[in-house]
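Participant: Here you go, one structure.
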Amino acid sequence: VGVSMGGLVSLRLAQTLPVDGLVVVGVPLALAPPIPQLLPVVRLFLSARRKRGSDIRDPVARARHPEFPAMPLDSVREMIALQGEVIPELARVTAPMLVAHGELDATARPRDARRLFDEAGSIEKELFLLARSGHVATVDYDGPALSRAAADFLDRRAR
């Protein structure tokens with residue numbers, strides 16, 4: 001189970017080792033231009049990029065959810081490198097998989113969920129789009145429905 005970059009790590013694990021099931025939430029398969037193109041130059045002058053705040057739609061959840069004021073650019077570079085390993089090998093992901101994504105996600109584009117669903121080699125897979133949630137869907141409006149869907153999905157694999 002992985003959220004955001006953790007989802008990329010989970011996908012890479014499933015490409016390299018046998019796993020019984022996979023749940024990924026808000027996986028960023030590609031960053032919107034011009035971020036990848038400008039990153040090498042920007043990193044020469046800045047070590048981090050100020051964040052504009054969370055896209056969690058539920059104000060109660062947003063208020064209690066911690067966030068960092070800036071994103072280290074080295075972590076963005078590492079994520080882009082991991083995307084470069086995961087994307088060409090999506091067909092190697094064959095484990096049963098639940099792909100969930102907040103439709104209001106301003107960090108990872110919702111179309112990435114469709115691409116992941118379409119290109120993964122898993123025969124048994126589900127796509128769960130969360131209509132009222134942003135990037136951190138696990139704590140947003142659709143969080144309880146996502147928790148139920150993930151638990152049910154994993155429970156079916158455990159039997």
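Participant: Got a sec? Which residues in the stretch 97-113 would a label at L13 touch, if it sits 7 Å along Cα→Cβ and we count backbone N under 19 Å?
Facilitator: 97-101
Participant: Could you tell me the calculated FRET efficiency between A81 and R114, based on Cβ-Cβ distance and R0 = 22 angstrom, to the nearest 0.05?
Facilitator: Rounded to the nearest 0.05, the efficiency is 0.40.
Participant: Something else: Please give the contour-minus-distance gain from R52 to A145: 0.36 nm per residue of separation, less the Cα-Cα distance, rounded to one decimal in nm.
Facilitator: Extra length available between R52 and A145 comes to 30.8 nm.
Participant: Of the DSSP beta bridges with both residues in the chain, give the percent that are antiparallel, rounding to the nearest 5.
Facilitator: Here the antiparallel bridges make up roughly 20 percent for the chain.
Participant: Take the Cβ-Cβ distance between A91 and D20 as r, set R0 to 25 Å, and report the resulting FRET efficiency rounded to the nearest 0.05.
Facilitator: 0.85
Participant: Name the most mobile residue of L98, L73, L11, meaning the one with the largest mean-square fluctuation, in a Gaussian network model of the chain with Cα contacts below 10 Å.
Facilitator: Judging by the Gaussian network model, the answer is L73.
Participant: So how strong a dipole does the chain carry about its Cα centre when Lys and Arg Cβ are +1 and Asp and Glu Cβ are -1, to the nearest 20 debye?
Facilitator: With Lys and Arg at +1 and Asp and Glu at -1, about 380 debye.
Participant: Gaussian network model of the chain, Cα springs within a sub-10 Å range: biggest mean-square fluctuation belongs to which of Q83, Q15, Q37?
Facilitator: Q37
Participant: If H135, H65 are ordered by their accessible area, calculated over protein heavy atoms with a 1.4 Å probe, which sequence runs from highest to lowest?
Facilitator: Descending order: H65, H135.
Participant: Please compute the contact order of the chain in relative form: average sequence separation of alpha-carbon pairs under 8 Å and at least six residues apart, divided by the residue count, as a percent.
Facilitator: Taking the mean separation of contacting Cα pairs over the length of the chain, I get 28 percent.
Participant: Still on this structure, I have one more. Which residue fluctuates most in the GNM of the chain (Cα springs below 10 Å): G102, G121, G134?
Facilitator: Looking only at G102, G121, G134, the biggest GNM fluctuation is shown by G121.
Participant: Compute the separation of the alpha-carbon centres of the stretch 1-79 and the stretch 100-159 and state it in Å as a whole number.
Facilitator: 16
Participant: Could you work out the percent of alpha carbon pairs in the chain separated by over 28 Å, rounded to a whole number?
Facilitator: Looking at the chain, the distances longer than 28 Å represent 22 percent of pairs.
Participant: Something else: Which whole-number percent is the relative contact order of the stretch 1-76 (Cα, under 8 Å, 6+ apart)?
Facilitator: It rounds to 26 percent for the stretch 1-76.
The values are calculated or read from the model by the stated rules, or taken from the named source; none is laboratory data. Just so you know, these numbers come straight off a predicted model, no measurement behind them. Cβ atoms come from the backbone with ideal geometry, glycine included; neighbour counts cover every protein chain shown. For the accessible areas, the whole protein counts, side chains as well, though only heavy atoms, and no ligand, DNA or RNA atoms are used. Shrake-Rupley method; radii C 1.70, N 1.55, O 1.52, S 1.80 Å.
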